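**Q** First, the structure itself, so that you have it in front of you.
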Amino acid sequence: MMTLAIQDQRLAKPGPQNAALRDYDSVRRAIAFISEHWRRQPPIEAIADAAGVTPDELHHLFRRWAGLTPKAFMQALTLDHAKGLLRDSASILDAALDSGLSGPGRLHDLFVTHEAMSPGEWKHGGAGMTMRYGFHASPFGTALVMATSRGLAGLAFADPGEEAEALADMSGRWPNATYIEDPQGTAALAQRIFDQKLWRPDQPLRVVLIGTDFEVRVWETLLKIPMGRAVCYSDIASSIESPKASRAVGAAVGKNPISFVVPCHRALGKSGALTGYHWGITRKQAMIGWEAGQVGMQ
């Protein structure tokens, strides 16, 4: 498989002048335009104009960012494509859930190993827990990486100028924890998450799931959805033996504190619609398209 050139986008100081964030901002604007106009398949000139770059710049940016052309990326983001993913996954869901985290078909591309905090720790709002955090560049905008001594506990995203809001959102989930800004301490985790060369089964990324028992069960199920596939909320509800709990599953998916790594962006509505995403529907579309590009290169 070709390796994405994420080394061009990695972990410089965060800020609007960072090349990775400028690239993502152009991609974000292009995706927003594509999302609104995909039915008429706009030409690259129109997409480039919406993104504020030339057609050549857009073409090379997409090739570097996702390993495929803007046209292929546009096709990957259409609703029909999302519905196709849903239909395909429906017949393989049981097999996928039974295969293990690092099984065939890249069941979980980050090779995650995880543990859950005790219900008591969650109930007390993280009291006694120290959470270190830092902001880092990523292919999907500024990433807020949060970690305890046990491993990665939070991953959020923000557009330029929205970093404080993202931090308030995440810290509000565990209001009694102690928060320490430590970008140097979280930089290695950010690199592990977004640099594919470091996605190794012999060195799994450890994550800590902090939520109710039901939420943790939902998040563990999300971890088993293969890259390039999608499931609907009712499939997840059935897999955790709560077939009538689709709405509760949707709420748990929305509360997922470790975005991208725990791939809540692969959960769709019953009709195949992308539905909402806590960090923005455009970012969800970007993740689906990015992954579709990776699967296409295998």
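**Q** Before we move on, is S271 modelled with pLDDT of 85 or more and surrounded by fewer than 22 Cβ atoms within 10 Å (Cβ to Cβ)?
**A** no
**Q** Among the residues of region 35-59, how many are assigned to a helix (DSSP H, G or I) and modelled with pLDDT of 80 or more?
**A** Count: 14.
**Q** For region 216-251, give me each residue that is crowded, with 22+ Cβ neighbours inside 10 Å and charged (D, E, K, R).
**A** Scanning region 216-251 gives a single hit, D235.
**Q** Can you tell me which residues in region 192-213 are under 16 Å from R173 (Cα atoms) and in a helix (DSSP H, G or I)?
**A** Across region 192-213, the qualifying residue is only D213.
**Q** May I pose another question? Regarding region 66-82, can at least one residue be identified that is surrounded by fewer than 19 Cβ atoms within 10 Å (Cβ to Cβ), assigned to a loop (DSSP other than H, G, I, E, B), over 19 Å from the mean Cα position of the chain (by Cα) and modelled with pLDDT of 85 or more?
**A** Checking region 66-82: not a single residue is surrounded by fewer than 19 Cβ atoms within 10 Å (Cβ to Cβ), assigned to a loop (DSSP other than H, G, I, E, B), over 19 Å from the mean Cα position of the chain (by Cα) and modelled with pLDDT of 85 or more.
**Q** Name the one entry in V249, V218 that is farther than 30 Å from P160 by Cβ, in a helix (DSSP H, G or I), more than 17 Å from the chain's Cα centre (by Cα) and modelled with pLDDT of 90 or more.
**A** Of V249, V218, the one residue that is farther than 30 Å from P160 by Cβ, in a helix (DSSP H, G or I), more than 17 Å from the chain's Cα centre (by Cα) and modelled with pLDDT of 90 or more is V249.
**Q** Is one or more of the residues making up region 98-108 modelled with pLDDT of 80 or more and either surrounded by fewer than 14 Cβ atoms within 10 Å (Cβ to Cβ) or of a type in the set (S, T, N, Q) (or both)?
**A** No, every residue in region 98-108 fails to be modelled with pLDDT of 80 or more and either surrounded by fewer than 14 Cβ atoms within 10 Å (Cβ to Cβ) or of a type in the set (S, T, N, Q) (or both).
**Q** Using the structure shown, decide if E165 is assigned to a helix (DSSP H, G or I) and buried (at least 17 other Cβ atoms within 10 Å of the Cβ).
**A** No: the conditions fail for E165.
**Q** Just give me the residues in region 126-144 being assigned to a loop (DSSP other than H, G, I, E, B) and more than 16 Å from A188 (Cβ to Cβ), in sequence order.
**A** Of everything in region 126-144, those that are assigned to a loop (DSSP other than H, G, I, E, B) and more than 16 Å from A188 (Cβ to Cβ) turn out to be G126, A127, G128, M129, F140.
The values are calculated or read from the model by the stated rules, or taken from the named source; none is laboratory data. Because the structure is a prediction, the values reported are computed rather than measured. FYI the Cβ positions are ideal-geometry reconstructions off the backbone, even for glycines, and counts take in every protein chain you see.
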